[in-house]
Each structure stands twice: as C-alpha cells, then as structure tokens.
Amino acid sequence: MLTPEEVGHIAGLARLGLSPEEIQTFGKQLSAILDYAHTLARLDTEQVAPTATVLALENVLAPDRAEPSLSQEDALANSPQVQDGQFRVTAIME
Amino acid sequence: MQLYSLTVQQALDLLRRKEVSALELCESILDRIVAVDNSTKAFLTVTPEEACDQARAADAARAQGLDGALLGIPIALKDNICRLGLPTTCGSRILESFIPPYDATVVALLRRAGAVLLGKTNLDEFAMGSSTENSAFFSTRNPWNLDRVPGGSSGGSAAAVCADEALAALGSDTGGSVRQPAAFCGVVGLKPTYGRVSRYGVAAFASSLDQIGPITKDVTDAALLLNALSEHDPHDSTSIESPKLDLAQVLRPEVDGIRIGVPQEYFGAGAQPQVVAAVQEAIETLVDMGALVDTVSLPHTEYALPAYYLLAPAEASANLARYDGIRYGVRADNTADIWSTYCESRQQGLGSEVKRRIMLGTYALSAGYYDAYYLKAQRARTLIKQDFDHAFERFDVLLSPTAPTVAFGLGEKSQDPLQMYLSDVFTIPQSLAGICAISIPCGFDHALPIGLQISGPALGEATVLRVAYAYEQATSWHLQKPPLDKEN
C-alpha cells in the first residue's frame, strides 16, 4: 500500500496538485493496480531484450532545411497569458 | 431509404452517377444529427455551415468532371485530432478553449480526398478510458441501448456511425479504443499496423502504441478509408511506407485456404458465454466457406494487460507534461511561483483517470522502480510480440472476441479502474505487438452487438480485410440498425 507521503512524492515529480481526498483515493487505487502489475514478476525475462518500439526504423533523418512554420501570432494564440509577443510566466528565479 | 443511412461506397456510387448531390447528403446527415444526437450525445462540436460549404465545393468539383476518393462524403473526427481553427478539446477541461493552428495529417488527407468534415466526436479524456464516461463534458450513450456505454475511448465516433450521424468517422486506438467501441456499437473498427497512418496532429497519449483508424458501417468502407489515410508522412518519424490496397483483390468473398488460428487464451474465463458462442459460430461460418482453422496458443496473453498499464501510462506521463498552463490550455490564477502554476493548472484542468495514469506512469518511471516496472513491462512486450510472430508463421489471421462482454451499463465500472481496464484485455496484445486488427459485428446478446476481432501480422491489412469482407458477405449483422427512431 502506497503511503500518503509516497503518493505526494510521485505527484510532485509529475507536477500534479492533488487534494487530500485524491491522495487517499489514489493511494488505494494505485496500490491495487501495481499489485496487479506485479504479476509480471512471474515472468522470467533474464534473457529477453526490452521492446521500446515495434518498428524496424532507425534514425529517421530529415534534411536540415528551413521551412514555413507557425507565425508568432498563431504560436501565441492559445496561450492564457501573453506579453510583448512572448509567453508570460510566473517568476522562475527570485 | 434515407440518405443518412448509406455507406460510404453506396453514397459514392450515387454521387458519381449524379443521382444525389453532396449537399443533399450533407443536409440529410445534419438533420439526422439534430434528430438523434440529443439521445446519443456522440458529438462535442458540429460545424453545419462549414460542412455545407465543403459539400457545395464537392458538388462544384464534380460538376467540373473532378472526382476524389471521398468526394462529398460526410465524416466525423474524434476530438483528439486537430482540425485547423476548430476547438480540439481531447475531452479535457485543460484544452477546453484550445484551437489548433494546423490540420492533422489525416485531416489534410481527408480534405484532399474531398471529404466533408462534420465536426468532432466525444471521447474519454485524452483517449484514456473504455466507456467515454471519462469525457470532461458528458457521457456518450450506446445507440442500441441508451443506458449502456458506447465503449471507448472513441465512443463518440462509434456511436455517431452506428446512429447514422456520419457515414464514417476516425478514431484513435492505443489499446483498443477503435475496436472495442466498434464492437459495443455493432460497427466496423480497424486498427491499422502501427506506423501505417500518420499521428501528426493527433494529441499524443502513448506514442509507441497510438494509431488512427477508421470506424465505418461495413468492411468495404474501412478499406476505402484506410487507402485514403495510409501515406508516408515526413512530419511523423514513426510513419512507414505502406502499399495501397488493391480493393478489387481485397474485397472478394473468398477465404479458400486461408489459415485461421484461434488463440485459446481469448476464450477462457472472463469472456461471456454468449460472446464466445457468437465468435465460435463466426469461425464455423468461415470454415464452411473454405477457411482452414486450428487452435493456437499465445502463452503470454495474460501479461499483456499489466504490461500495457505500465507502458501506456509511462508514455502518457511524459507526453502530458506539455499541459502545464503556459503555451495553451487552462492556467491557474494568482499562483505564487512557477511550480504552483504547473501543479494547480494541472490539478484544475485534468480529470481523475488522466491524473491516475500520470501518477502510475510517473511511479513506473521513477528511480528505484524503473527496472521492476517499466523495463520489466518492455521485456514482457517482447514476449507478447514473439507470441504473435510465431502464430503468424502458421496462420494468416487470428480470430477472437473483440471484448469479453457486450456493452456494460453507464456507471457500472466507473468507480473501479481495474475492472474498466479489463474490458480491453483482448485488444491490448495486438497494440503492444504493433500489428493490425479489425472488429466486425458477429451477433447480438440481449439486443447488444458482439464484436469479432480479426488480427493479422504487421501490414497484413489486405488479408484481414478480405476475411472480414467474406464473413460480412455471408452474414447480415452489419445491416442491423439500432432502435433509435422508435424512441424518438
């Protein structure tokens, strides 16, 4: 069973705010899902390579060529806060 | 016969013979949406004026002697597919006001083929779910029984096609999200081989698994749409070259000598007896037509679901990091620092299932657990893929149920995530292996459709579609319509 502290730690890594109720609920639900996932431990995978992609493709390259892309206006159009043609964010450094 | 009830191929025939105009067809569909969408709630957004403009343009093009693979055909898009200038919400509050500045490649291809775009269909938030109940906006209903779910996550697209609110629709399938709702709604859903259809402009969920696929009224239409959608795309580095299907070869009702494997693991505990019986009957139908059938074992099947629920959330936790309230989407007000902006924006904008999967994926990738969970699941994925590789040395296609049950009730599984995940148990292995599979209707249980899944090897769509077509020609399940009109 995940403790509230562990749930809080994971939420922090995920930059995800959670209410105290969510921390309780997710603690239980994630523990149940992870228990289920633990069935994988029964598999002997010592000699098995991991699969990250099923494709046989490797190093798909494209020519380094400038092409038309979004205008500054279009790129900013969906941002909740814009200032002087830039994305406005809260202060990052004191 | 009403125009809205036509298939894509039937409509194309009438349009090409100039017996019907694209505008008449479009108006018939729009009227149908007005008549039944209050019941089905399949659409999030409908664009009647733009659709009529596109239909008029299609008629004008045809009057000049032009044609296109889908010229004048009204099609709906799952709302995780970007369409220029139209809200693309992914069923999430965090993207409620997001307006894409470009078309997804599949949308550009549909436009090029002359399709008429009707609007955007409902889905589980960010395609995470099996019932469409995880939409932040509302639940879509199964047209066969409005108290049942349409399946998910492409539930809106499946319900729309089932209820004749679109001639066809696009969905996305990460672990069964095209096939399972198609099964629940009694329509056809094709998950192409991973990489066959470009993912550019589709909101990423699990990038090594996501694949766009058509949801249609019959197999012919699935083949038509696949041909329109499969094209190498330099904007998607996982896009592969694939041959166009020779439709005359594919769409012939012959299965003489086709080798059908029946994976034992898909017929055991968990699968409803009525579902098993319908699929077994379908297998007998194909045997009567000349197919060769034998049982096969895919011994690692039971590990597919746990592997998937580590791999897909792990990829999702990385992909969804972009929803941070800065460049698009909801931003929390009056936060003290950037950390709080991220945490609170995501807290406010994302729903429970999405949060649960981000948490699960972050856990599986975190220090100390990476080897035991994420890496272990990637190794299990190798074994699952090898099961299929071995099976396809002996068989052309594999037949199984698409889902273990028929459509379940609204609210029945929404409080128990693990029970909900189990409804994808027969569609997830193919996704992990990156192979192609189709769901087609093969019967009913208590007036709810049952889906037959036909799986084929990577780029084996031609054979999968041919077997599906042969079965469809021999049966009439695909011609059944839900009782919506009686209720309205």
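Bear in mind these aren't lab numbers, they're just calculated from the coordinates by the rules spelled out. Note that the coordinates shown come from a computational prediction; the quantities given were computed from them, not determined experimentally. Please note: Cβ atoms are built from the backbone with ideal geometry, for glycine as well, and neighbour counts cover all protein chains shown.
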Take peptide A:31-39, look around each residue's Cβ out to 10 angstrom, count Cβ atoms belonging to other protein chains, and average those counts. 6
Filtered hits (aspartates and glutamates, Cα-Cα < 19 Å from residue A:28, offset >= 8 within chain) -> A:5, A:6, B:353, B:416
With θ taken as phi - 60° and the coefficients 6.51, -1.76 and 1.60, list the Karplus ³J(HN,Hα) couplings across segment B:83-95 in order, rounded to whole Hz; mark glycine and proline as x. 10, 3, x, 10, x, 10, 8, 6, x, 10, 4, 5, 10
Inter-chain Cβ neighbour average for residues B:328-334, partner chain, 10 Å: 3
The answer for residue B:44, listing residues at least 5 apart or on another chain whose modeled amide H is closer than 5 Å to its amide H, is B:120, B:121, B:122
Proxy reagent accessibility, fewest Cβ within 10 Å first, across A:70, A:40, B:95: A:70, A:40, B:95
Top positive-direction residue, dipole computed over chain B with Cβ charges, set B:10, B:364, B:382: B:364
Proxy exposure order for A:87, B:43 (fewest C-beta within 10 Å first) is A:87, B:43
Amide H contacts under 5 Å for residue B:67, placed H, 5+ residues apart: none
Nearest-20 debye value, chain A charge dipole, Cβ charges on Lys, Arg, Asp, Glu: 160 debye
Nearest 20 debye, what's the magnitude of the dipole of chain B about its Cα centre given +1 on Lys and Arg Cβ and -1 on Asp and Glu Cβ? 640 debye
In segment B:292-335, whose amide N lies under 18 Å from the spot 7 Å out along Cα-to-Cβ of residue B:386? List them in ranges. B:297-305, B:307-308
Would you mind calculating the relative contact order of chain B from Cα pairs under 8 angstrom and at least 6 residues apart, reporting the percent as a whole number? 18 percent
To the nearest 500 deg cm²/dmol, what mean residue ellipticity at 222 nm is calculated for the protein assembly as shown from DSSP H runs of n ≥ 4 alone, each contributing -39,500 (n - 2.57), summed and divided by the residues? -11500 deg cm²/dmol
Residue order, fewest to most surrounding Cβ atoms within 10 angstrom, among B:289, B:359, B:1: B:1, B:289, B:359
Ordered by residue, what ³J(HN,Hα) values in Hz, to whole numbers, does segment B:100-107 give under the Karplus form 6.51 cos²θ - 1.76 cosθ + 1.60, where θ = phi - 60° and Gly and Pro are x? x, x, 7, 8, 4, 4, 5, 6
Expressed as a whole-number percentage, the relative contact order of segment B:404-488 with C-alpha contacts under 8 angstrom and at least six residues apart is 23 percent
In segment B:196-293, which trypsin sites (Lys or Arg not before Pro) are in a loop and have at most 11 other Cβ atoms within 10 Å, using DSSP for the loop call? B:244
With x for Gly and Pro, the residue-by-residue ³J(HN,Hα) of segment B:115-127, computed from phi through the Karplus equation 6.51 cos²θ - 1.76 cosθ + 1.60 at θ = phi - 60° and given in whole Hz, is 5, 9, 8, 8, x, 10, 9, 5, 7, 5, 3, 6, 6
What percent do you get for the relative contact order of segment A:1-88 when only Cα pairs under 8 Å and 6+ apart count? 19 percent
For residue B:296, which sequence-distant residues (separation of 5 or more, or a different chain) have an amide H within less than 5 Å of its own amide H, given hydrogens modelled in the peptide plane? B:262, B:264
With the cut-off at 28 Å, tell me which of the pairs B:355/B:413; B:120/B:376; B:18/B:191; B:120/B:413 have Cα atoms farther apart than that. B:120/B:376; B:18/B:191
Ordered by number, the trypsin sites (Lys or Arg not before Pro) in chain A that occupy a DSSP loop and have at most 10 other Cβ atoms within 10 Å are A:65
Kindly point out, ordered by number, any Cys in chain B whose beta-carbon has no other cysteine beta-carbon under 4.7 Å away. B:26, B:52, B:82, B:90, B:343, B:436, B:442
